[in-house]
Amino acid sequence: MRWTRSFLLIAFGVFALSFNQGITESISQNFFRQDLGLGGSQMGYYTAAREFVGLMMVVVAAATVGFAVSKVAGAALLITGLGFAGFSQVHSFPQLVVMGMIGSLGFHTWMQVYAVLALSLADEGYEGRVLGKLSSVGSVGTILSMIITLFIVGLVGIREMYIIAGSLMIPAGIGLFFIPKNARLVRQQGFVWKRRYWLYYLLNFLDGCRGQIAMTFALFTLVDVYHVQVQYITLLLIVNAVVSWYAAPKFGAWIDRFGEKPILLLCYGVSAPVFLAFAFIPNAAVFAVMYILYMVFGLGMMARNTYLKKIADPQDVSPSLAMGVSVMHVSAVVVPITGSLLWQFFGYQMVFLLGFAFIVMSLVATQFIQVPGLAGARLASSAENG
């Protein structure tokens, strides 16, 4: 795959968003707990309100039908930057919810169109490699942002870091408006719900459940239960980003080589004991190692999207990816509230046991993955290679 102008502009968008996320992930748990005074239950309610925007992607898709996907993506990055920069002015829980929903609108719109953008660059059989390379670019943005955070957060303050986080989104968003025309780069479409894509929708729903538990409660547990400071959270995320930078292209190549089913089974198989460790090993160092392990093997979840591209009619890929994002965020509203109630009445351990249950269901669902003609193609390729 060549580093074309389109690839570079999309890669810059991925880099900028990851730069933004790297800073905000480093500081947000401490900002929420130490500056705003939020507890575990409030974290769940905030996440549910923020992720409610994900359910509104039906409305966003309808409003943007006919627009070039690249322009929708550019607008999404601009809105995301505005929302996260606005965190610098937040002083109460209601204000946090408002700014969180603005940032979430941009972020989830990006999620809806990013896979379409990325897959438009990929020739058949190279989808995983393209997604892996872009994920690796994102890891570079994460690493850089976290190193910057580590050295300057004590000098400029947490609130000012949010402004820095949002600033790079402006040129990245504008750049996406200038992506050259591409025959495979479609205009934004509505949603497609077809029975034969049921497994893709189910995997998205279950991954949304698992992912929301990890995103909402994992780092917050380190801060609230183990009292880990922002510098150590940042170091943890830097290590995670470095490992992900190396591993992302590997996972992409493995998906193309071995197929989606073996990779997903591997990733879920690793994630299950990780969640048990979250719940039952009361040690901050072990928790941190398990978090890195979970995040790295989470890279393999990109196989969901390559699986869809291989089984879907070409005209269904873009709207089905959008439907997958919306299905994923059905869980994003319900699960954080459920997790908050479990945390409040039974302790944080029950939250991660719920996540373990979702992973087990994902392992079962993955057994039904079948890609027509893939086994024969691999046997032929193996024969040609001796």
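Every number here is computed from the coordinates shown, using simple stated rules; none is lab data. All values reported here derive from a predicted model rather than from experimental measurement. Note that we place each Cβ from the backbone using ideal geometry, even for glycine, and neighbour counts take in every protein chain shown.
Label sites at Phe52 and Asp35, each approximated as a point 7 angstrom past Cα along Cα to Cβ, lie 2.4 nm apart. In plain terms, if you count all Cα to Cα distances in region 282-353 and split them into 5 Å steps from zero, the share in each step is 3, 13, 13, 15, 18, 15, 10, 7, 4, 1 percent. Candidates Val270, Ala248, Met101 compared by Cα position along the dipole of the chain: farthest toward the positive end lies Ala248, with charges placed on Cβ.
Taking every pair of alpha-carbon atoms in region 129-251, give the share separated by more than 18 Å as a whole percent. The answer is 73 percent, as a whole percent. In region 235-386, the alpha-carbon atoms span a convex hull of 138 Å³ per residue. For region 217-259, the C-alpha radius of gyration sits at 1.62 times the compact-globule guess of 2.2 N^0.38 Å, with N the residue count.
At an R0 of 25 angstrom, the distance between the Cβ atoms of Val286 and Phe258 translates into a FRET efficiency of 0.25.
Local charge for Pro249 was computed over the other residues whose Cβ lies under 14 Å away, with Lys and Arg +1 and Asp and Glu -1, and equals +2. Here the dipole of region 5-374 is about 700 debye; that uses its Cα centre as origin and unit charges on the Cβ of Lys and Arg (positive) and Asp and Glu (negative). Taking 0.36 nm per residue of separation and subtracting the current Cα-Cα distance, fully stretching the chain between Met215 and Gln315 would add 32.8 nm. The angle between the Cα long axis of helix 158-167 and the longest principal axis of the Cα atoms of the chain comes to about 20 degrees, rounded to the nearest 10.
Projected label points at Tyr226 and Phe178, each 7 Å from Cα along the beta carbon direction, are separated by 4.5 nanometres.
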